[in-house]
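Heads up, the thing below is written out as structure tokens.
The values are calculated or read from the model by the stated rules, or taken from the named source; none is laboratory data. A quick note: this is a predicted structure, and the numbers were derived from the prediction, not measured. Neighbour counts are summed over all protein chains in view; Cβ atoms, including those assigned to glycine, are modelled from backbone coordinates with ideal geometry. Please note that ligands, DNA and RNA were not included when accessible areas were found on the heavy atoms of the full protein model with its side chains. Shrake-Rupley method; radii C 1.70, N 1.55, O 1.52, S 1.80 Å.
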Amino acid sequence: MKYFILISVLIILPSAINNGYYSHDELQWLALADTDSLLDIPWMSWLDFSVFQYRPLTFNFWLLLSHLFGYHPVIMHSVQGALGILNASLLRQCIIRFGAKPLHASVAAIAFLLVPFVVFAHSWIGTFADQLYLAWLLLALMWICRQPQASSQKWQRYMTPAVVAALTSLAVMTKEAAVVFPCLLLCAAYRKNVRDLLPSILASGLVVAIYLALRLSIILFSPRPPGVYTWAISNIPIRLFEYSIFPFVQNLNELAAFPWYSPSILGIAAIGTVLVLISITSAGLRWLLSASVLWFVALGPILILSTSSILYAYTASALMCGLFALAYPLIKPWAKGLLLLAGVAALLHSVDLVRDMRHVGRVQHHLYAALVPLLPDASTSEPLRIRADNPADEPILHHTTYAIPTYQRVPFSPRIRIVASTDTSVIPTHVMLHDGTLQSYPKHTQP
């Protein structure tokens with residue numbers, strides 16, 4: 001176990017020591033949490049079911065961390081990394097409880113930490129919902145599959161459904177995807193009789209039914225900006241295809257860019273998915289069917305969305321790693337080679353993801369360090385006009401400054417204007433270099 005933890009820490013470390021943030025989300029929450037005391041923080045109500053995103057557990061946890069450590073990105077990333085290692089440890093124990101050998105369980109949990117979906121989630125602070133949701137699910141599966149003591153068997157009939165209902169309640173307060181929580185509990189059918197699982201599944205289903213009674217119309221039909229959480233049943237095939245081949249599409253770090261990738265690149269990436277399917281099929285058709293159903297159900301509600309995000313496959317990645325650990329002894333030797341080949345392709349993608357997100361963090365760190373002394377002298381009418389020196393860095397400039405009300409309690413986004421590289425009608429006051437540092441525009445243009 002100690003070697004497992006050591007390897008996990010080494011995997012997480014590059015993301016944990018990132019001294020900057022990836023997106024505007026972290027900085028927007030920091031602005032909300034930057035108050036004199038905890039009492040002044042605009043906490044999310046635990047009983048307001050009318051909001052579009054009802055995630056009081058996630059959002060309040062995020063606000064608390066931002067209040068305490070928001071101006072120290074390394075601490076924030078380290079807390080997130082610790083949650084990632086905790087989930088990997090829970091996954092390992094869960095796989096062992098399902099009957100896998102400790103070595104196979106350890107390798108599967110390590111593989112989970114290396115999956116591109118997971119690497120992305122562990123490198124961006126805005127993914128606490130996915131991490132917490134997976135933790136509740138793994139704890140529920142472990143509790144269901146535990147070995148009860150003989151003296152406590154008479155309480156088993158009541159205790160297990162109660163614990164599962166409590167964990168389901170935590171899950172629905174964490175992320176909307178928890179509506180499939182009862183379905184995913186069927187994973188325990190690998191170890192338990194389905195009849196024995198029914199009380200727990202019904203208890204979990206009751207919690208989800210109450211949640212949907214309060215929230216379904218809001219989730220599906222409340223007004224929202226075009227393209228943001230809009231949905232259609234017809235989106236399911238393309239979402240399934242995207243999430244299935246993404247780990248093998250090299251140099252693709254956002255699923256939003258997926259439709260513009262060339263068919264040849266997507267076709268080559270699809271080979272990785274085919275190799276994985278062939279390997280699991282060699283263990284038997286029932287394993288292929290189990291993997292397909294599990295992937296579909298674990299992705300669940302996000303398949304109907306009109307937009308994609310890498311982090312949405314976080315829980316599905318964990319469950320697939322667990323399934324492959326259980327099937328591994330039955331996979332043919334030649335098929336294990338195919339699986340290893342697909343794993344190497346996914347690992348290369350993960351390395352690129354970490355490199356990209358560390359670069360964005362470095363840019364944000366340097367950019368904000370340069371902006372802090374300049375912001376007090378800027379204003380809404382006379383903003384700082386910033387242009388990216390390299391047009392390729394323009395999305396990062398937009399992404400890390402978008403709609404942030406304040407930073408260190410000084411008005412931020414209203415005092416900044418991003419000048420597009422193609423806009424020759426506006427003279428910038430500053431140019432952002434590739435590492436995020438700023439130079440005044442006249443100084444920059446001197447020979």
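In µm²/s, what is D for region 358-440 at 4 °C and 1.567 mPa s, where D = kT/(6 pi eta Rh) by Stokes-Einstein and Rh is the Kirkwood radius from Cα pairs? Could you put the intermediate results ahead of the total?
On the way: Rh = 12.6 Å.
Reported coefficient: 103 µm²/s.
Compute the length gained on full extension between ASN390 and LEU10: take 0.36 nm times their separation in residues and subtract their Cα-Cα distance, giving the result in nm to one decimal. Write down the numbers at each step before the final one.
On the way: separation 380, 0.36 × 380 = 136.80 nm, distance 3.27 nm.
Full-extension gain reported as 133.5 nm.
Mind listing the long-range amide H neighbours of ARG417? Cut-off is under 5 Å, sequence gap 5 or more, other chains count too, H placed in the peptide plane at 1.01 Å from N.
LEU384, ARG385, ILE386
Give the dimensionless ratio obtained when the Cα radius of gyration of region 278-419 is divided by 2.2 N^0.38 Å.
Here the Cα radius of gyration is 1.59 times the empirical estimate.
For region 60-109, take every pair of Cα atoms, bin their distances at 5 Å starting from 0, and report each bin as a whole percent.
Once binned at 5 Å, the Cα pair distances of region 60-109 give 5, 21, 19, 13, 10, 11, 11, 8, 1.
Using the Kirkwood radius over Cα pairs, work out the Stokes-Einstein diffusion coefficient for region 66-199 at 25 °C and 0.890 mPa s, in µm²/s as a whole number.
Translational D for this selection: 152 µm²/s.
What's the FRET efficiency of LEU330 with LEU186 using the Cβ-Cβ distance as r and R₀ = 25 Å, to the nearest 0.05?
With R0 = 25 Å, the Cβ-Cβ based efficiency is 0.75.
Would you report the distance distribution of C-alpha pairs in region 15-62 as whole percents per 5 angstrom bin, up to the bin with the largest distance?
Result returned by the calculation: 4, 17, 22, 23, 19, 10, 3, 1.
Given the -39500 (n - 2.57) contribution per DSSP H run of 4+ residues, what per-residue ellipticity at 222 nm results for the chain, rounded to the nearest 500 deg cm²/dmol?
Computed mean residue ellipticity for the chain: -19000 deg cm²/dmol.
Mean separation of Cα pairs under 8 Å and 6+ residues apart, divided by the residue count of the chain: what relative contact order is that in percent?
20 percent
What does DSSP give for the chain in terms of the percent of beta bridges that are antiparallel, rounded to the nearest 5? Please report the intermediate quantities before stating the final value.
Numbers: 6 of 12 bridges.
Taking every DSSP beta bridge with both residues in the chain, the antiparallel ones total about 50 percent.
Before I look further, what does region 1-357 give for accessible area per residue, probe 1.4 Å, in whole square angstrom? Provide the component values of the computation, followed by the final result.
Details: 15870 Å² over 357 residues.
About 44 Å² of surface per residue is accessible.
Contact order normalised by length for region 358-440, with contacts defined as Cα pairs under 8 Å and 6 or more residues apart; what percent is it?
It rounds to 42 percent for region 358-440.
Using alpha carbons only, how many degrees (0 to 90, rounded to 10) separate the axis of helix 194-221 from the longest principal axis of the chain?
Taking Cα atoms only, the helix is inclined about 30 degrees.
Sketch the reach of a paramagnetic label on GLU254 as a point 7 Å from Cα along Cα-to-Cβ, and name the residues of region 296-314 whose backbone nitrogen lies under 12 Å away.
308-310
Looking at region 344-438, which trypsin sites (Lys or Arg not before Pro) are DSSP coil and have at most 13 other C-beta atoms within 10 Å of their C-beta?
Passing both the DSSP loop test and the Cβ count: ARG409.
Angle, helix 153-172 long axis vs. longest principal axis of the chain, Cα atoms, 0 to 90°, nearest 10?
20 degrees
Each residue of region 395-412 in order: what ³J(HN,Hα) in whole Hz does its phi give by Karplus 6.51 cos²θ - 1.76 cosθ + 1.60, θ = phi - 60°, with x for Gly and Pro?
x, 5, 4, 5, 5, 9, 10, 6, 6, 9, x, 9, 9, 6, 6, 10, x, 10
Which distance in nm do the two modelled labels at ARG224 and ARG355 give, with both placed 7 Å along the Cα-to-Cβ direction?
In this crude spin-label approximation the distance works out to 3.5 nm.
How much of the accessible area of region 1-357, probe 1.4 Å, is carbon plus sulfur, in whole percent? Present the calculation step by step, with values, prior to reporting the outcome.
Details: 11530 of 15870 Å².
Within region 1-357, the accessible surface is 73 percent carbon and sulfur.
Once the principal axes of the Cα atoms of the chain are found, what is the range along each, listed largest first in whole angstroms?
77, 53, 46
Could you check how many percent of all C-alpha pairs in region 331-371 are farther apart than 12 Å?
Of the Cα pairs, 68 percent sit more than 12 Å apart.
Could you do me a favour and compute the accessible area per residue for region 358-440, 1.4 Å probe, result in Å²?
Counting only protein heavy atoms, the per-residue value for region 358-440 is 48 Å².
With a Förster radius of 25 Å, plug the Cβ-Cβ distance of HIS398 and LEU240 into 1/(1 + (r/R0)^6) and report the FRET value to the nearest 0.05.
That pair, HIS398 with LEU240, gives E of 0.25.
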